[in-house]
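Novice: One structure is given below, represented as structure tokens, and several questions about it will come after.
What follows is calculated from the coordinates using simple rules that are stated; it is not laboratory data. Treat the numbers as computed from the prediction; the structure is a model and nothing was measured. So basically every Cβ, Gly included, is an ideal-geometry build from the backbone, and we count neighbours across all protein chains shown.
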Amino acid sequence: MEQSVTKYPFGIKNVSFADNVLTVSMGTQQAAKSLSQLPMTMQGAGSITLMMSSPANNVIKVVVRSHKKKDKDSSFIKTRDSGNGQISETDDYISFKSGLTEARISKTSVPQITYYFGDNIITSHSSVPGGIYVKESFDRRKEQFVTGAVLNVQAGERFMGFGGGVSTVANGRKIETDPALSSPGKTNTPFFVSSANYGIFVNTIGNVSFDCASEGNGMIFEAAGSSIEFELFAGASIAEIINSYTGFMGRASHVSATSICTSFVMQDDFTVTQEEVIDSIRKITDSGLAISELWLGRSYLPAGAPAGFEWDLKRFPEASSFCRTVHDLGIKLGATVTPYVFEEDELFDELTDLNYFMKDSAGKTAIIDTQEGSVALLDMTNIAARNWFSMKVGELIDSGIDMIEGSFDFSLIGNIGIGGQDNGKEDGFNSVFVSEFNGAIKDASSRAKGKEVSFMLANIVSTGDLSVAYRNIAPTSSEISLGGMSAAISNALSYGLSGFTLSNIDVPYVNDMTLFKRWLQVALLAPHARIMCNLKGMPSNLPQEAFEQIKLFSEMRASLSPYIYSSVMEASMYGNPALRTMSYEFPSDALAAFAQDQFMVGSSILSAPLTSSGNSVRFYVPAGEWTNIFTRETLTGPRFASRKEEPGSFPVFVRPNSIITTLSNPDSRSASRSFLDNVTFTCFAPVDGKVAACEVFDDKGKASGVINVLKEGKKITVKTDGFGRNKRIALTGITNVVSVSESIPEPESWGTSVDFSGNELIITLG
């Protein structure tokens, strides 16, 4: 058992408020584990200082430290103390308030901190020793100080977020946020949100340990050092908290709607030539399916050195011409970049002389032996090396690449021993490295905005990477299974609750057509999706059934692209995740929290893919009349329902009184179209007296249109603004239309459709 002494606050010694910062100095009580491992409690020496400030409205920044001399600043986000905070005092407590969020520090012998939003208590630090603490280890081989906090857990409280690799509800789990401990797509981050309507972000570049009430001791979080900083975000709902958090940290970059049809990502193939790529694209198109995006992966790199940034001139002798030809076919190109350089690469000696590579403990360039060869890593914390890397990415973009995927294996950094003291690197290096790597790619993309670079896709992220456009969710070879599908859904939803509001889901190709079809179902409504493939020989190398499934996926996605892209824009502009847990969208519905393998896409569509070995799925629909978008079947909730798998369909239900915008004549073979003309607005189960509304963005995100539908007794008023003249309104459940102010109503088995061109349409019911 670890030998340590832990200090807790005991009595308030001094209170001050200056420069918008509340500072409370407290004495200590300490609990020591003696050599006999028996705890002893006594009044301690020294003091614990608690500071509170407000960097934004309804955000309280808390700093706990044991010494006036601070550790080296290890915070990831540098915040300034603003004038949002207000201090007051009563006989019983000291109050610090930001907007509707308040922290009250009791004047008891063991101070207790209680947090409010309005008049409601949202959480509190334990009143017994352990609320906030500083632990000093007797073992000098370990980190000397660890500082942490404990939050009381309310009955039924759920903890969510933490990035990937965690189920959407993290209760009972212990989580470590070091990105080096997780494989790409599952990196944990030091932020969680609670169903009690608060969120906590531990602001450090170092590792953070969370214990989500695994032993009934409350929510515990701690980090190395004699101080800890965390921000508490409060709001009226989880959605409000995520909006506030992403506004504070930065949101996903604006992206254009490139993945309208089908996006393929090539498996690494260092034999494929530019002629073979173009030939395969043309054959696929001739077969009735066009690709909107082609991600080359690392296939563009030399086979002997599959890392770096240079085209293989033997297989791609005219890279710019190749890119232009692909663009002429209506396809955008993506490529993967890494921070590796192989010894065989001509750049290796030059970069060694420039000291751009990471060093080992002896100060020499660290060479790591991999199955593909020996590599060195660019030190992304070296500003000159980072700028050089960003310049090389920019050159790749200039050659004709539209989209960049950033990727690397953290085990390579681990082989150098980063994080230890032998080589002079400090704890937190992993997070800084990741942030600088992704930041360098974003810088290169920003410089090329005139070339309409669409976005970057990140395989691994750190604390401060919320502005990464798409967080990649990719299955490993062992996860190409039904369980892997559930994990992909969970990872995407957990990242959404962690501020990473956009995700890409990679669909693995497998010979098992049932499994392949279900992976396509999972990705159908994702903000972005790619189908993993061996491009050479396509489509003849695919079974006909697989090709037909891809075509069906493409047609559905093309039809729903205006809605999907509008959910992407909402994430970018307002911080609402495109894929949402049911409890995010229905916080007052207790049953929604138990619906795990289903999710909301935006605010209106419920998706329930089949993730079990059977041929049916059980899912939950909240209150109201929900309509299946494919079959027009209706279900009235709240209830759980089961449905069998049907060819070309799975449970996708639309919320009552919602408007879903689709393309009236979707052509999956065309990657260029407007989302503001030739569209159909389907108003599902309109509710009398309530306005149904939605905003639709064009495929560049630069303009939008708005539609409102109001049913009042026997009159329905449709108003639009910003759309072209070719419009159609479809009303489900409405079969008694007697007249319209424009055009002729068309009766359907499920309702009525009307074509119109004006900005207002009046529909009269019988």
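Novice: Pairs 332/517; 332/442; 7/107; 690/714; 78/702: which are spaced more than 20 Å apart, C-alpha to C-alpha? Walk me through the numbers before you get to the answer.
Specialist: Details: 332/517 25 Å; 332/442 18 Å; 7/107 18 Å; 690/714 14 Å; 78/702 32 Å.
Flagged as over cut-off: 332/517; 78/702.
Novice: Moving on. Dipole size in debye (nearest 20) for the chain around its Cα centre, Lys and Arg Cβ +1, Asp and Glu Cβ -1?
Specialist: Numbers: 65 positive and 83 negative charges, 374 e Å.
Once rounded to the nearest 20, the dipole reads 1800 debye.
Novice: Related question: So for 160, 573, 556, fewest C-beta neighbours within 10 Å to most, what's the order? Intermediate values should be presented prior to the final figure.
Specialist: Values: 160 26, 573 14, 556 22.
If I rank by nearby Cβ atoms, fewest first, I get 573, 556, 160.
Novice: Can I ask one more? With 10 angstrom as the radius, rank 639, 158 by how many other C-beta atoms surround their C-beta, starting from the fewest.
Specialist: Values: 639 13, 158 19.
Least crowded to most crowded, the residues run 639, 158.
Novice: Also, quick follow-up: Show me the GluC sites (Glu not before Pro) within the stretch 598-663 that DSSP assigns to loop and that have at most 15 other Cβ atoms within 10 Å of their Cβ.
Specialist: Details: sites: 625, 633, 645; in loops: 633, 645.
When the GluC sites (Glu not before Pro) of the stretch 598-663 are filtered for loop state and at most 15 Cβ neighbours within 10 Å, 633 remain.
Novice: Right, next: Whole Å is fine, so just give me how far the alpha carbon centre of the stretch 669-732 lies from that of the stretch 352-380.
Specialist: Taking the Cα centre of the stretch 352-380 as reference, the centre of the stretch 669-732 is 56 Å away.
Novice: Only counting other Cβ atoms within 10 Å, I'd like 528, 254, 327, 125 sorted with the fewest neighbours first.
Specialist: The order, fewest Cβ neighbours first, is 327, 254, 125, 528.
Novice: In 10 Å bins starting at 0, how do the alpha-carbon pair distances of the chain split up by percent?
Specialist: All Cα pairs considered, the percentages come to 3, 13, 22, 23, 19, 13, 6, 2, 0.
Novice: Now a separate question. Can you give me the C-alpha center-to-center distance between the stretch 186-204 and the stretch 100-117, rounded to a whole angstrom?
Specialist: After rounding, the separation between the Cα centres reads 20 Å.
Novice: Order these peptides, 685-695, 369-379, 241-251, by their mean beta-carbon neighbour count within 10 angstrom, highest first. Intermediate values should be presented prior to the final figure.
Specialist: On the way: 685-695: 16.0, 369-379: 17.7, 241-251: 21.4.
Those peptides, ordered most packed to least, come out 241-251, 369-379, 685-695.
Novice: Considering the Cα positions of the stretch 203-337, please state its Rg to one decimal place and its Dmax as a whole number of Å.
Specialist: 23.4, 65
Novice: Further question on the same structure: Any idea what % of Cα-Cα pairs in the stretch 674-765 are farther than 14 Å? List each step's numbers first, then the result.
Specialist: Numbers: 2573 of 4186 pairs.
Considering the stretch 674-765, 61 percent of its Cα-Cα pairs are separated by more than 14 Å.
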